[in-house]
Structures are given as C-alpha cells and as structure tokens.
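Novice: My questions all concern the structure below.
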Amino acid sequence: MQFPWQRALRVALIVLALLLGISMLVTAISMIWHFSTIVDLTRVVEPGVFGGFALLFAQIFYLPNLSLASLSYLAGSGLTIGNGTFLSPWIHRIDELPAIPILGALPVGLSNYTYALSLLFILGVISIGVGVAKFGIRTYLDREELKRFVGSFYLAIFLLTLSAANLANGQLLSPNLEGVGPLWWALPLVIVANLAIGSLTYLYLESR
C-alpha cells in the first residue's frame, strides 16, 4: 500500500528523470553536430597533456549541470552563461562563448530548428501531464484520493525541479561567469505550467 503522496513522489522522480534523459540526449546530439566548434574551443585553451585530462574530468563532472541547462533551454525558460547573457529558443543574447569546450554544444543563434525543437519538447511535456492524469484516474477511483495524488505530484515536481535548478546554477571559474546555468526560479514554473496544461485539460474532459 502506498499513500497518494508517496506514489506522487515516485511519479515525480520518474518524470524528472525522463525529462533530464531527453535533455541529455539532445545535448549529446548537439555536441556531435557542433563538434568542430568544440575542437576549436579546445585548441584555444591549449591545456597540454595533464591539463587536458583535468579539463576532460571537469567537463564530465559538469554534465549534470549541462543537462539541467538543456532542460531549461528546451522548456523555454532559458539559461545564462555569465553576466548580461541569456539563451532561449526565442532570445539569443551572448557575445562570445567562454573557452570551455563543452559549451560549444550551445546553439549559435536563433533558427526555425530551435523554435521547432522547443515547441516539440513543450508538447511532449504537456503529453506527460496527460499521462500523469490518466495514471491517477486509473489508480484512484475516489475523487478525494485523486485530488491528493495530483496535488502531491505537482508539489513534488515543483520542489524537485526547483532544488535541481538551484544546485545547477552558480559561478563558473571566474566572477565574469556568475549565474551560469538555468534560471532556477523560471524552470520549475515553466515545467509545472506545461504539465498542468495537460493534466487539467484531461481531467476536465474526463469529468464532462
């Protein structure tokens, strides 16, 4: 037996893991697509043999942060790469990339590709919200139990995303790169809003 909040927390963890997995897959594809840029940034650094290993490990450790940043970008809430910068599918405000090779995977500007990719991702998040509502209806015949499950799910996904985004946002290497990562306050709001559109729409249609 599981209480609604326990099952809701479990579902929230699965949803967040799914979103991060999709974001990491998109990041990997982008790294392959922009491989020449990554190579150019590596040449600018000229780390040497031992410095090259240190740089490699540093970027591997940064992958979870990059996954959150990618999620924020795809969801439309955007990310920053230092003071005065902002990147999203609809706004591209950055003069030059820092000499950190892994950042070569970032999109170089606005295009129909970024618009379509973000809209497709947002539709996917909405469909996940529909799936959560369908799961709740199948699991709980009692309306009060269903309400507790849905409410607990949204509280859990909000707090999990807020915590993850906050941990992934910080200063990188120098004060000029302060606030690198997702917008910690905007990401959970956007994710919850898109999920809620799917869930509430489905619940409304089912209740009619």
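Novice: Quick check on the range 86-138: of everything there that is surrounded by 14 or more Cβ atoms within 10 Å (Cβ to Cβ), in contact with a Phe, Trp or Tyr (Cβ under 6 Å, 6 or more places away or on another chain) and not aliphatic (A, V, I, L, M), which residue is farthest from residue 205 (Cα to Cα)?
Specialist: 89
Novice: In the range 166-178, is there at least one residue being out of contact with any helix residue (DSSP H, G or I) (no Cβ under 9 Å at 6 or more places or on another chain) and open to solvent by less than 30 Å² (accessible area, probe 1.4 Å)?
Specialist: Yes, the range 166-178 contains at least one residue that is out of contact with any helix residue (DSSP H, G or I) (no Cβ under 9 Å at 6 or more places or on another chain) and open to solvent by less than 30 Å² (accessible area, probe 1.4 Å).
Novice: Considering only the range 21-47, state which residues are among the small types (Gly, Ala, Ser) and open to solvent by 50 Å² or more (accessible area, probe 1.4 Å).
Specialist: The one that is among the small types (Gly, Ala, Ser) and open to solvent by 50 Å² or more (accessible area, probe 1.4 Å): 36.
Novice: What single numbered condition from (1) touching a strand residue (DSSP E or B) at 6+ places or on another chain (Cβ under 7 Å); (2) on the phi > 0 side of the Ramachandran plot; (3) at pLDDT below 90; (4) of a type outside the set (S, T, N, Q) fails to hold for residue 84?
Specialist: (1)
Novice: Report yes if some residue within the range 31-38 is modelled with pLDDT of 80 or more and in contact with a strand residue (DSSP E or B) (Cβ under 8 Å, 6 or more places away or on another chain); otherwise report no.
Specialist: No, because not a single residue in the range 31-38 is modelled with pLDDT of 80 or more and in contact with a strand residue (DSSP E or B) (Cβ under 8 Å, 6 or more places away or on another chain).
Novice: Right, residue 74: at pLDDT 90 or above, of a type outside the set (Val, Ile, Thr) and either open to solvent by 20 Å² or more (accessible area, probe 1.4 Å) or in contact with a Phe, Trp or Tyr (Cβ under 7 Å, 6 or more places away or on another chain) (or both) or not?
Specialist: yes
Novice: Answer yes or no as to whether residue 73 is farther than 24 Å from residue 162 by Cα and either of a type in the set (Asp, Glu) or within 19 Å of the chain's Cα centre (by Cα) (or both).
Specialist: No.
Novice: From the residues in the range 6-20 that are open to solvent by 50 Å² or more (accessible area, probe 1.4 Å) and touching a residue at least 12 places away in the same chain (Cβ under 8 Å), which one is farthest from residue 70 (Cα to Cα)?
Specialist: My answer is 7.
The values are calculated or read from the model by the stated rules, or taken from the named source; none is laboratory data. All values reported here derive from a predicted model rather than from experimental measurement. All Cβ positions, even for glycine, are placed from backbone atoms using ideal geometry, and neighbour counts span all protein chains on display. These area figures cover heavy atoms from the full protein model, side chains too; ligands, DNA and RNA do not enter into them. Shrake-Rupley method; radii C 1.70, N 1.55, O 1.52, S 1.80 Å.
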